[in-house]
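The values are calculated or read from the model by the stated rules, or taken from the named source; none is laboratory data. Model, not experiment: these values are computed from the prediction. FYI the Cβ positions are ideal-geometry reconstructions off the backbone, even for glycines, and counts take in every protein chain you see.
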């Protein structure tokens with residue numbers, strides 16, 4: 001692994017904004033959805049604060065995941081919400097062209113820039129999750145998602161978790177919960193593109209029971225310090 005590191009921060013579900021061309025189709029539907037189905041509350045603030053502290057590129061999703069999910073690959077059945085799935089193919093292709101592909105390309109360009117400098121790129125994909133899902137309470141406060149088959153990525157995350165637990169002993173911090181880090185997503189797609197000694201893809205999942213908006217600065221400060229501690 002390279003002795004120097006660079007970071008990129010993304011927040012795929014940062015916004016609840018509905019694209020203008022979908023307002024008629026989605027406005028009422030979105031109002032009847034649970035919040036986590038629309039976007040990930042708190043992630044925009046935290047991602048902005050982390051990127052500022054790490055002095056690194058930040059790529060934010062600009063629209064609701066109900067339009068097109070930036071954390072799902074093209075062809076994934078859950079990439080579009082049910083109401084958008086029923087639209088004509090040309091409309092769905094337009095969403096991919098105007099929203100999905102530019103987001104992924106902007107992220108890729110930032111990664112390529114770091115790799116050209118012979119650095120290891122650490123990608124933080126910031127998410128939040130509802131504490132109770134389908135009637136079941138999730139016993140995790142902060143999830144660190146990664147691919148346990150990539151030794152460098154696993155080692156990085158274990159060090160990160162150790163440092164975070166020192167500062168947050170009261171939080172339940174777990175690996176690959178509430179989701180598996182190898183499931184289809186932005187980081188998963190990038191792992192296929194880049195070798196593990198050059199790319200480390202980590203999804204950070206914050207419980208929405210935490211006050212993410214009020215404490216964004218605090219969480220970002222601690223997480224950034226822990227990340228810097230890992231690479232030292």
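Hey, can you tell me all the residues within segment 212-232 that are out of contact with any strand residue (DSSP E or B) (no Cβ under 8 Å at 6 or more places or on another chain), buried (at least 18 other Cβ atoms within 10 Å of the Cβ) and closer than 21 Å to residue 187 by Cβ? Passing the criteria: 220, 224, 226, 230.
Restricting attention to segment 67-104, the residues that are touching a strand residue (DSSP E or B) at 6+ places or on another chain (Cβ under 8 Å) and part of a helix (DSSP H, G or I) total 1.
It is to be established whether one or more residues within segment 4-12 are under 19 Å from the mean Cα position of the chain (by Cα), within 23 Å of residue 133 (Cα to Cα) and at pLDDT 95 or above. So far as segment 4-12 goes, yes, one or more of its residues are under 19 Å from the mean Cα position of the chain (by Cα), within 23 Å of residue 133 (Cα to Cα) and at pLDDT 95 or above.
Being over 21 Å from the mean Cα position of the chain (by Cα) and in contact (Cβ under 8 Å) with a residue 24 or more places away in the chain narrows it down to one residue among 99, 83, 111, 74; which is it? Reasoning before the result, please.
Numbers: 99 fails: over 21 Å from the mean Cα position of the chain (by Cα); 111 fails: over 21 Å from the mean Cα position of the chain (by Cα); 74 fails: over 21 Å from the mean Cα position of the chain (by Cα).
Every option except 83 fails the conditions.
Taking every residue in segment 175-189 that is in a loop (DSSP other than H, G, I, E, B) and pairing it with any residue that is modelled with pLDDT under 95 and surrounded by 18 or more Cβ atoms within 10 Å (Cβ to Cβ), at least 6 positions away or on another chain, the pairs with Cβ-Cβ distances below 6 Å are 178/138. If the condition is being within 14 Å of residue 61 (Cβ to Cβ) and in contact (Cβ under 8 Å) with a residue 60 or more places away in the chain, then segment 15-35 contributes only 19.
Considering only segment 155-169, I want to know if a residue exists there that is over 17 Å from the mean Cα position of the chain (by Cα) and not in a helix (DSSP H, G or I). Yes. Checking every residue in segment 166-176 against the condition of being in contact with a strand residue (DSSP E or B) (Cβ under 9 Å, 6 or more places away or on another chain) and crowded, with 21+ Cβ neighbours inside 10 Å gives zero matches.
Go through segment 105-132 residue by residue and tally those that are part of a helix (DSSP H, G or I) and surrounded by 19 or more Cβ atoms within 10 Å (Cβ to Cβ).
Keep residues of segment 105-132 that are part of a helix (DSSP H, G or I), which gives 105-116.
Now restrict to residues that are surrounded by 19 or more Cβ atoms within 10 Å (Cβ to Cβ): 107, 110-111, 114.
Qualifying residue count, segment 105-132: 4.
Please go through segment 53-66 and give me each residue that is over 14 Å from residue 12 (Cβ atoms) and touching a strand residue (DSSP E or B) at 6+ places or on another chain (Cβ under 8 Å), ordered by number.
So the first thing to find is which residues in segment 53-66 are over 14 Å from residue 12 (Cβ atoms), and the list is 53-57.
Selection gives 54, 56, 57.
Taken together, the criteria place residue 209 among residues that are touching a residue at least 40 places away in the same chain (Cβ under 8 Å), surrounded by fewer than 17 Cβ atoms within 10 Å (Cβ to Cβ) and assigned to a loop (DSSP other than H, G, I, E, B). Could you please let me know if residue 203 is in a loop (DSSP other than H, G, I, E, B) and under 26 Å from residue 136 (Cβ atoms)? So residue 203 fails the test.
Let's see how each residue does on (1) part of a strand (DSSP E or B); (2) crowded, with 16+ Cβ neighbours inside 10 Å:
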{"position": "10", "(1), (2)": "yes, yes"}
{"position": "17", "(1), (2)": "no, no"}
{"position": "28", "(1), (2)": "no, no"}
{"position": "41", "(1), (2)": "no, yes"}
{"position": "49", "(1), (2)": "no, yes"}
{"position": "65", "(1), (2)": "no, yes"}
